[in-house]
Amino acid sequence: MRFYIDDLPVIFPYDYVYPEQYQYMCSLKKSLDNKGHGMLEMPSGTGKTISLLSLIISYQQFYPGRRKLVYCSRTVPEIDKALAELKRLIEFRRSQGCEDKDFIGLGLTSRKNLCVHPTVSKERKGAVVDARCRQMTASWVRNKSKTEGNIELCDFFEKIQTLEPSELLPAGVYTLEDLTDYGRANGICPYYLSRRVIPFADVIIYSFHYMLDPKVAELVSKEFDRDSIIVFDEAHNIDSICIDSLSIDINQRT
């Protein structure tokens, strides 16, 4: 259905919008108009995610500037669920005549969840996957391989280095499974593909840590525009995520 909030046409992929959803979207639009902070609450099971995405995507596509949406969620299943909701929404918008030209939405998660290397992807521990990946993709390793023939590199990573930004990923919305399938089919590393596409994407959905952990944010999130729309889903978890990000484990060895 299509309805208006002030002058904004909102495309909502269901035949009925509940009063709670409409009130939520009105409050969300007010926060976006003011370019300030907003803290909104909505009970579980009342369509919070689709309400949020419907309003923000409508806002993003209608007003000049096309501000990027960075949606932070807590777990991988929640990230994939939000991506699936976004994918359905964009398909519905197109069925209603919305062009959403060159729209890209994707998620970012760990190497372990996205790796397609035939041997590295079989490792069970994320730390091992990270270590083996770096052993084949670090700049000093790649430079060393130019003079020594017995250095193993990752072909999936090497291919992505040969592509221009416009060649990386066709427009569309990609769940984590979609991204992995695309990487495997095209011989491209899905993890570094998502890292490369972040600056050009309209919507990024990833873990709280990518925004709140200083070490990770410095690598992934530092180049976002100041007017990007940042959403923390289930924001009551922020304090525990911050504590976890800034904590260290001490054992007898350390």
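The values are calculated or read from the model by the stated rules, or taken from the named source; none is laboratory data. This is a predicted model, so every value here is computed, not measured. When we count neighbours, we look across all protein chains shown, and the Cβ atoms used for this are built from the backbone with ideal geometry, even at glycine. What goes into the accessible areas is simple: the full protein's heavy atoms, side chains included, and nothing from ligands, DNA or RNA. Shrake-Rupley method; radii C 1.70, N 1.55, O 1.52, S 1.80 Å.
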By the gyration tensor of its Cα atoms, with a ≥ b ≥ c the square roots of the eigenvalues, what is the shape of the stretch 114-254: rounded for a/c under 1.5, prolate for a/b over b/c, or oblate? oblate
Work the Kirkwood hydrodynamic radius out for the stretch 86-155: mean of 1/r over every pair of different alpha-carbon atoms, inverted, in Å. 15.2 Å
4 °C / 1.567 mPa s Stokes-Einstein diffusion coefficient of the stretch 165-240, Kirkwood radius on C-alpha pairs, µm²/s: 93 µm²/s
Taking amide H positions as placed 1.01 Å from N in the peptide plane, with prolines and chain starts having none, which residues 5 or more places from Phe3, or on another chain, fall under 5 Å of its amide H? Val10, Phe12
Which chymotrypsin sites (Phe, Trp or Tyr not before Pro) in the stretch 128-186 pass both tests, a DSSP loop state and at most 15 other beta-carbon atoms within 10 Å? none
Going down the list Lys81/Lys222; Lys35/Lys222; Lys35/Lys112; Lys112/Lys215; Lys101/Lys122; Lys35/Lys101, which pairs span over 27 Å between their C-alpha atoms? Lys35/Lys112; Lys101/Lys122
Radius of gyration and Dmax over the Cα atoms of the stretch 161-202, both given in Å: 9.5, 24
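Relative contact order of the stretch 129-232: what whole-number percent is it, with Cα pairs under 8 angstrom and at least 6 residues apart?
On the way: 56 pairs, mean separation 18.0, N = 104.
The value is 17 percent.
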Ordered by packing density, taken as the mean number of other Cβ atoms within 10 Å over each peptide's residues, highest first, how do 28-34, 73-79, 223-229 rank? 73-79, 28-34, 223-229
How big is the Rg/Rh ratio for the stretch 100-197, C-alpha atoms only, Rh by Kirkwood, two decimals? 0.99
Over the stretch 22-89, what relative contact order in percent results from Cα pairs under 8 Å that are six or more residues apart? 32 percent
Restricted to the chain, the DSSP antiparallel beta bridge percent, nearest 5, is 20 percent
Using just the Cα positions, wrap the stretch 1-61 in a convex hull and report its mean projected area in square nanometres, one decimal place. 4.0 nm²
When only alpha-carbon atoms are used, what values of Rg and Dmax, in angstrom, describe the chain? 20.0, 67
Heavy-atom accessible area of the chain with neighbours in place, 1.4 angstrom probe: carbon+sulfur share in percent works out to 50 percent
